[in-house]
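Below is one structure; the comments refer to it alone.
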Amino acid sequence: MDKRFGFLVLAWALTCGLSAQTPLERQLEKKGLVDVCQLDSTIQVRLMYARPDNFVGKVLYRELNRAYLLPETARALVKAQQALKRLHPDYSLCVYDATRPMSVQQQMWNTVAGTSRKNYVSNPANGGGLHNYGLAVDVSIDS
Ligand SMILES: [Zn+2]
């Protein structure tokens, strides 16, 4: 295998995941959400809540390794990726959070309730926030 091709396959595997879909991920798809990498495999995904170095200090996404969004939100993200690639072919969008299960929203809320940080987290008792419905995505630009 060509080394460059091997690197690309590895990069795809790390970002878009070759791992089997989890029950939660299957459930999100049944609700009509789409895996961003299925639309554009050049978009990188490093979900912050699938690792412990987030503001809660522990892994919250045990069953979520892919970035799911509503189709319209995902298509807008793909357009942004394409625009970025036209201007800077070596750069790529990197997704740090997308659809967030309400159970995780509750864990986040429990962490900040009664603190000054509560203004940064949507209260699940009030319906949560845009992340809980596949309408919000946290991104950065990677090279
Ligand atoms: Zn966000």
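Just so it is clear, none of the values below were taken in a lab; they were calculated from the coordinates. Predicted model, so just to flag it, every value in this text is computed and none were measured. Please note: Cβ atoms are built from the backbone with ideal geometry, for glycine as well, and neighbour counts cover all protein chains shown.
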Helix 3-12 versus the longest principal axis of the chain: what angle, 0 to 90°, nearest 10, using Cα atoms?
20 degrees
Projected area averaged over orientations for the chain, convex hull of C-alpha atoms, nm²:
9.6 nm²
At 222 nm, what helix-only mean residue ellipticity would the chain give, in deg cm²/dmol to the nearest 500, using -39500 (n - 2.57) for each DSSP H run of four or more?
-10500 deg cm²/dmol
If you keep only loop residues by DSSP, which chymotrypsin sites (Phe, Trp or Tyr not before Pro) in segment 35-81 have at most 15 other Cβ atoms within 10 Å of their Cβ?
55
Going fewest to most other Cβ atoms within 10 Å around each Cβ, 94, 37 line up as 94, 37
Using Cα pairs under 8 angstrom and six or more residues apart, how large is the relative contact order of segment 3-142, in percent?
24 percent
Which of 73, 42, 22 fluctuates most in a GNM of the chain (C-alpha springs under 10 Å)? That residue is 22
If I model a spin label as a point 7 Å beyond the Cα along the Cα-Cβ vector, how far apart are those points for residue 142 and residue 88 in nm?
1.4 nm
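Around residue 59, what is the net charge, scoring Lys/Arg as +1 and Asp/Glu as -1 over all other residues with Cβ under 15 Å from its Cβ?
+2
State the extension gain, in nm to one decimal, for the chain segment bounded by residue 103 and residue 120, taking 0.36 nm per residue of separation less the distance between their alpha-carbons.
Numbers: separation 17, 0.36 × 17 = 6.12 nm, distance 1.69 nm.
Length gained between residue 103 and residue 120: 4.4 nm.
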Which of 39, 69, 87 moves the most in a Gaussian network model of the chain with Cα springs under 10 Å?
87
